[in-house]
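Report on the following structure.
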Amino acid sequence: MNTKLKKLITLMTVLSMSAMLLASCGGSSEDETEKVGSGNGITIFNSKMEIQDQLLEMAKKYEAEKGVHVEVYYSSDTVSAHLATRYASNNPYTLSMVDAKDVYSLAEEHAEDLSAEKWVGDTGYAISIGDKVYGFPVCVEARGIIYNADAIKKVTGKDFNPEQYKTLTAWKGLIEELKKGGMKTPTGVMKEDWSLGAHYLAQVYEEQENPDSFLMDLSAGKVKMADNKKFNELMDTFDVLMANNYAKESAISAEREISEKMLAEGEIAFMFGGNWDWSQINQFDYTENMGMMPIPQDTDDGTNEMLVGGGSKYFFIDSSDNTSDEQRQQAKDFLNWLIYDEAGQSFLVNDCALVPAFSNIKLPISDPLGASVSKYTVANKLVPNYNYLPDDHYAILGAMFQKYLAGMSDRKGFAKDIDTYWGTKTLTSHSE
């Protein structure tokens, strides 16, 4: 490659990265300190990367229709740390989209009481603290095993019925059948710390009879993770995912986009994930019949018939003097638009491919992963999310899980890492 060409490629890369940074913030820096003045509109903090582009486009249309200026910001930083910088500069967002645990930790000091809003009666997923409602549920999300039924039928010649593969024993049998039929590596594993630490490992806690009590005992050293039945059941399944992973030899380097492309196009049949993955999968030449199923487990506690999920991502409205009453009303109007206006409903369900958390929204869910989640939700077959994990949980234990995925530790070592982490935490019980 000649010197001129190298310089041109470098310049194009820099310009491309700069454009991406500007686009992700709607043309503004997320750390910008200029405040939105009284009556000039609202700012929205988005912590859900998959719908950033949709939110930016929606902001333009909403302003054109309603005459209210909307600025959307995204940050990949830890939500609590990012918002802390805004509070410290007396420049909070009007509306902040956060995880449930952030509502519990931030709302009493920073959020407006929304108890009087009409939508409170149309959802079972709002977050209350005491007698006040603070959290507006953006959607329902769940996780489990994503499957490509067309890819399975192409190899086996039979329609795939996930209910026939609730146990690990049965599922392993199917995987062996797929391998004998020519699909050499039927699974994919996402290596991201949030997928491993915040989703797969978290399910170990969530499937306990009492997650609070279990984690308090773990923190106090009264139980050891290596001895826990649920941990071993779920890790048995994870080992099968690892052993049949298309990227087994370089699992820690596997790119999410490649894994989802292979799943979408039927090169692999299974991958652990959630219905949020549809926003990535639908970018590829996906096959028609895909869906989600519970993680297969050799268990008798019923969890192998359930996804894990519930309300996911919550808006709260700033209550400080840095936000005017007019802006707060504009924010409330925006939330009502999302659930009572046809355009708002369509934005949630069709543009963002989200499963709505409100009973009044009757739009059909077009994406197959969301449709699966809706089916399990209606059947009351969701293991509830545990909403109180420490902020550093997925980063620290996600990294330990990555070591396990990379073959740098064994199950005993990983379990000890988990024990060590929780031994540093002082916990209290929670009730929602």
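Below, the figures for the structure above:
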| item | result |
| --- | --- |
| Å² of accessible area per residue within the chain, as computed with a 1.4 Å probe and no ligands counted | 45 |
| Dipole axis of segment 240-379 (+1 Lys, Arg; -1 Asp, Glu on Cβ), positive-most option in L335, A254, M290 | L335 |
| Space enclosed by the convex hull of the alpha-carbon atoms of the chain, per residue, Å³ | 169 |
| Ordering of 113-119, 156-162, 370-376 by burial proxy (mean other Cβ atoms within 10 Å per residue, highest first) | 370-376, 113-119, 156-162 |
| Size of electric dipole in segment 261-409: Cβ of Lys, Arg +1 and of Asp, Glu -1, about Cα centre, debye, nearest 20 | 200 |
| Isotropic mean projected area of the C-alpha convex hull, segment 375-419 (nm²) | 4.7 |
| Residue-wise HN-Hα coupling along segment 305-315, computed from phi with Karplus coefficients 6.51, -1.76, 1.60 (Hz; x: Gly, Pro) | 10, 9, 7, 10, x, x, x, 9, 6, 9, 8 |
| Solvent-accessible area of D351 with every protein chain in place, 1.4 Å probe, in Å² to the nearest 10 | 80 |
| Span-like helix ranges in the chain, DSSP H, alpha carbon extent 30 angstrom or more, Kyte mean at least 0.5 | 3-24 |
| Set of lysines with alpha-carbon distance to K154 below 29 Å, sequence-local pairs under 8 removed | K166, K172, K179, K180, K184, K191, K248, K261, K375 |
| Percent carbon-and-sulfur accessible area, the chain, ignoring ligands, DNA and RNA, probe 1.4 Å | 50 |
| Unit charges on C-beta of K, R, D, E only; dipole of the chain, Debye | 1380 |
| Centre separation in Å (Cα based) which lies between segment 210-235 and segment 389-428 | 12 |
| P(r) histogram, all alpha-carbon pairs of segment 221-291 included - 10 Å bins from 0, percent | 17, 40, 27, 12, 3, 0 |
| Cross-link reach list, lysines versus K332, counting only Cα pairs under 23 Å and skipping chain neighbours closer than eight places | K35, K48, K60, K61, K66, K101, K118, K132, K313, K362 |
| Whole-number D in µm² s⁻¹ for segment 310-432, Kirkwood Cα-pair radius fed into Stokes-Einstein, 25 °C, 0.890 mPa s | 132 |
| About the Cα centre, charge dipole magnitude for segment 115-174 (Lys/Arg +1, Asp/Glu -1 at Cβ), debye | 380 |
| Surrounding net charge for K60, when Lys and Arg each add one and Asp and Glu each subtract one, Cβ distance under 13 Å | -4 |
| Solvent-accessible surface (1.4 angstrom probe) belonging to H430, in square angstrom, nearest 10 | 80 |
| Segment 116-147 and segment 291-311: distance between their alpha carbon centers, rounded to Å | 21 |
| Among beta bridges that DSSP assigns inside the chain, antiparallel share in %, nearest 5 | 65 |
| Spread of Cα-to-Cα distances over 10 Å intervals beginning at zero, given as percent, for segment 162-245 | 15, 40, 30, 12, 3 |
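The values are calculated or read from the model by the stated rules, or taken from the named source; none is laboratory data. What you see is a predicted model, and the numbers here were worked out from it, not measured in a lab. Methodologically, a virtual Cβ is constructed for each residue, glycine included, from the backbone with ideal geometry; neighbour enumeration extends over all protein chains shown. Heads up: the accessible areas ignore ligands, DNA and RNA and are worked out on the full protein's heavy atoms, side chains in. Shrake-Rupley method; radii C 1.70, N 1.55, O 1.52, S 1.80 Å.
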